Amino acid sequence: MPDGELKIGQLRRDVPKPDLVVRKAENAATTLSFSASSETPVERWFGTEILSHDKAAVRLNRANGGVMPLLFNHDWSDPIGMVDTARTNDGRLMVEAHLFDTARAKEIATMVDGGLRNISIGYQIHSVEEEVKSATYTARDWEPMEVSIVTVPADPTIGIGRAQDEQAIAVQVIRTAPTTATPATSGVITMTDAVITPAAGTTAEPQPTAMEFERQRKDAILNLCKANNIDERVQIQWITRGTGLDVIAKDILEIVQERSSTLTSVSALGLSNKDTKQYSVVRALRALKFGMQDQRVREEAAFELECSDAVAKRMNRSSSGSFLVPAEVLVRPVGAHGSRAMSALPGSKGGYMVNVENMGFLDILRARSVAMTMGARQLPGLVGNVMFPRQTGKSTVVWQGGEGVSVTASDQALGQLSMTPKTAIVITDVSEQLLRQASPSAESFIMTDLAATIAIDGVDNAVINGAGGAQPLGIRNTPGITSGQDAATATYAKILAFISTAGGVNAIRGNPGFVTNTAGAAVLMQKQRFASTDTPIWAGNMMDGQLVGFNAMSSEQIASGNLIFGSWDEVVIGDWGVLELSMDNGGTRFNQGQVGIRALWMVDVLLRYPQAFVVSTNLSA
């Protein structure tokens with residue numbers, strides 16, 4: 001067999017017994033769990049194909065980076081959801097995905113409920129190992145590109161993936177002889193006369209032509225405009241003017257930001273200023289707690305419960321056992337109807353409520369969140385899923401070799417990510433005595449405590465540590481960040497290296513700064529830039545200072561020994577403006593006369609340019 005290269009385009013294969021599990025939670029996206037591939041041999045036009053599911057064999061960056069779509073019948077123009085996470089387990093690729101909140105996705109969900117359980121995966125092979133005697137090709141390096149719910153199983157023998165496929169790439173073949181033969185040698189297969197063997201020592205990297213690049217740019221623009229409901233006139237302008245995808249990514253984010261600056265949340269009822277000021281969260285909580293035994297308490301909260309029912313109706317769900325706070329209430333000053341001293345136990349139980357500073361729920365949430373204070377972009381009041389372009393690489397300069405010589409088009413590599421509402425749950429305790437003594441100060445105390453808890457345990461934890469899947473994907477777990485930066489026995493030079501690392505990939509953008517915990521800040525405050533001088537690396541106080549000239553803050557959401565440098569406006573925090581409150585009365589709280597107030601807040605996090613963040617886990621003195 002002559003030397004050459006096996007040219008393979010994207011392949012498809014079905015999954016025997018995919019074990020599809022559908023989960024539908026109230027007020028959340030429909031999620032799917034299933035196996036998307038296995039090591040079952042499949043007969044291809046080039047031989048028997050086996051997909052290795054060793055951890056090192058499967059490229060899962062797309063799947064775990066939020067850019068791998070869930071399609072219907074492998075149709076890239078018919079997306080119905082996105083893959084959230086994927087992992088290999090016992091010779092299978094296990095996938096977690098969610099459906100979009102669209103009419104088309106709901107239609108497919110109905111088919112699934114009716115028994116449609118066929119799963120098929122589309123993938124690209126990068127390297128195979130050929131066992132010469134058996135003509136078996138084991139993919140040792142392959143990448144899932146999409147996964148589909150299909151009506152008719154794919155036929156692997158019809159030629160999909162042949163060299164004629166316009167997306168075919170050069171695939172390295174490592175030829176292994178039988179065990180009694182000579183050691184394995186590198187070999188290649190030529191499938192058609194059109195295959196060109198590269199010179200020795202070079203790697204074939206298929207580059208799009210200018211025409212192909214323009215088609216890809218146009219398709220990307222159409223998809224982004226459709227996903228974000230962008231006016232057709234803007235879409236045409238971007239296409240005809242040749243606007244780069246990096247500019248379009250920025251423009252779309254600004255458009256969505258402008259939309260969210262006006263109150264468009266699904267929980268917005270159009271309450272007047274008078275109604276908003278009269279609304280009492282404490283009255284609603286008292287009705288939940290005591291209303292079954294005290295009809296008078298329930299009657300007092302008639303307006304609040306009516307608002308909750310109205311929000312629930314807009315969200316097409318029930319509010320039984322909880323209540324939903326209108327969006328207008330979340331942006332009002334907490335003490336808009338006045339404040340006075342609280343006649344309850346001293347200290348943390350309510351005695352500190354004299355002369356409370358009046359701040360709105362969302363204002364407090366933003367003020368207490370380190371990520372938001374550092375400059376993360378905020379998109380409040382979102383409705384439905386939102387699709388964003390995310391930059392995954394930078395453009396390169398191409399020099400023309402002479403007049404009339406064609407060049408390869410270049411632009412920033414972009415991935416598409418969807419923001420979908422993910423629910424954070426927090427619980428704060430108040431005394432029954434405080435709840436019974438409804439007052440403006442009690443209102444302020446409860447809302448302030450809820451906002452602060454959501455900001456710290458919800459938003460900041462998601463931005464920093466989110467693992468993806470049912471929760472947002474945070475900085476530390478986002479593929480593409482620079483991890484493992486050395487900060488052991490921290491020195492001035494090592495801290496400066498964080499900045500040069502990000503700068504080396506042109507990733508220092510808006511609002512750059514450092515975040516660590518208080519212990520890390522203490523370490524850096526004792527480090528001097530220059531020996532025998534009072535020139536601490538960390539200047540200012542331990543909570544909010546400067547580190548080598550950049551803003552620096554501490555948060556206990558940062559694990560011990562961690563130090564993060566990044567451009568914080570590359571973080572996008574979206575919330576859906578729906579605050580759901582309910583009671584948790586059980587166990588120890590009942591015996592202590594306490595009431596647990598459980599708050600549910602819908603939020604998601606997106607990292608637009610992962611390279612903008614540099615992370616160390618070994619910060620030490």
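Data for the structure
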read-out: Note, ³J(HN,Hα) from phi for segment 430-435, Karplus 6.51, -1.76, 1.60, rounded to Hz, x at Gly and Pro; value: 9, 7, 4, 4, 5, 5
read-out: Residue-wise HN-Hα coupling along segment 303-311, computed from phi with Karplus coefficients 6.51, -1.76, 1.60 (Hz; x: Gly, Pro); value: 5, 5, 5, 5, 4, 4, 5, 5, 5
read-out: Euclidean distance of C-alpha centroids, segment 97-145 and segment 465-543, integer Å; value: 39
read-out: Least to most buried among Ile252, Ile475 (fewest other Cβ within 10 Å first); value: Ile252, Ile475
read-out: Other-chain or far-sequence residues with amide H under 5 Å of Arg44's (modelled H); value: Glu49
read-out: Using θ = phi - 60° and Karplus 6.51 cos²θ - 1.76 cosθ + 1.60, couplings along segment 134-143 (whole Hz; Gly, Pro as x); value: 9, 6, 9, 10, 9, 6, 9, 8, 9, 9
read-out: Fewest-first sequence of Ser620, Ser369, Ser134 by Cβ atoms within 10 Å of each Cβ; value: Ser134, Ser620, Ser369
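Throughout, read-outs are computed from the coordinates displayed, never taken from laboratory work. Since the model is a prediction, treat every value here as computed from it, not as a measurement. A quick note on method: Cβ atoms are made from the backbone with ideal geometry, for glycine too, and the neighbour counts reach across all protein chains shown.
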